[in-house]
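Data first, discussion second: the structure below is written as structure tokens.
The values are calculated or read from the model by the stated rules, or taken from the named source; none is laboratory data. No experiment lies behind these values; they were computed from the predicted model shown. Quick reminder, even Gly has a Cβ in these numbers, built from the backbone with ideal geometry, and neighbours come from all protein chains shown.
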Amino acid sequence: MWGPLRRRSPSGFSPSSTAEEVTAGIDGSGLVAIVTGASSGIGAETCRVLALRGVHVVMGVRNLSTGSLVRENIVGQVPTAKIEARSKFTTIKNMTFACTGHFLLTDLLLEKINVTAKESGIEGRVVIVASDSYKHPYREGIRFDKINDESGYNSILAYGQSKLANILHSNELPSLLKEQDTKVVVNSLHPGAVVTNIARYWGFLNGLLSSLGKFVLKGVEQVSL
């Protein structure tokens, strides 16, 4: 990574600090984390570090075979890992892409998260990986009446639309939880400019990012937690 990004702040960390470094000394035993998009990139590295810290990890993946390989790799590195791969939970069916599947999954799990937080006294957390791209959706924002309409589709704007939906979800959910007097915190985040396989369908841009990204962009190790 570019030199200036390695400068450490008073906390001892820098933009180049890894999730493993930041979580050093944390004991996550007794905690359970469900991680979607866990078969590659940020999701896979998040699973690895959580497992390393003793968290029971449930991997939500679209392809169970791929997810199982990632799980085996993590167990190879962390023999004590408590980790299992699930094929995005059959209840979610075909709604796993972008925002709608995660919205439904959160809704289905919310009661369990609330009950667990109250009974254990441990704060529950919902973490939504959004993006600064929420600023660049379609001109009309979220096209609710054209969610599945292929006419006028633009992959970049559609991505911005999905991330705008993530932001709106994370902003509204705390209001609902406050009414229920729960111990659950909702966070959304922008991981920053990072090298992942998200650009694999972007042709020339993908090649450019693959070649130059390692010099100026973060890796999944820096943005996973």
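Here is the figure for segment 69-81: residues that are surrounded by fewer than 16 Cβ atoms within 10 Å (Cβ to Cβ), more than 11 Å from residue 44 (Cβ to Cβ) and of a type outside the set (Asp, Glu) total 5.
Within segment 38-55, residues that are farther than 14 Å from residue 221 by Cβ and modelled with pLDDT of 95 or more reach partners that are hydroxyl-bearing (Ser, Thr, Tyr) and surrounded by fewer than 24 Cβ atoms within 10 Å (Cβ to Cβ) with beta carbons closer than 9 Å, at six or more positions or on different chains, in the pairs 51/80; 53/23; 53/29; 54/29; 54/80; 55/29. Among the numbered conditions (1) surrounded by 19 or more Cβ atoms within 10 Å (Cβ to Cβ); (2) without any contact (Cβ under 8 Å) to a residue 60 or more places away in the chain, the only one that residue 26 does not meet is (1). Residue selection: residue 135 satisfies the criterion of being over 24 Å from residue 62 (Cβ atoms), at pLDDT 90 or above and exposed (fewer than 12 other Cβ atoms within 10 Å of the Cβ). Output yes when any residue across segment 153-173 is more than 26 Å from residue 31 (Cα to Cα) and among the β-branched types (Val, Ile, Thr), and no when none is. For segment 153-173, residues more than 26 Å from residue 31 (Cα to Cα) and among the β-branched types (Val, Ile, Thr): present. Within segment 103-143, being outside any helix (DSSP H, G or I) and in contact (Cβ under 8 Å) with a residue 60 or more places away in the chain holds for 121, 122, 123, 124, 125, 126, 127, 128, 129, 130, 131.
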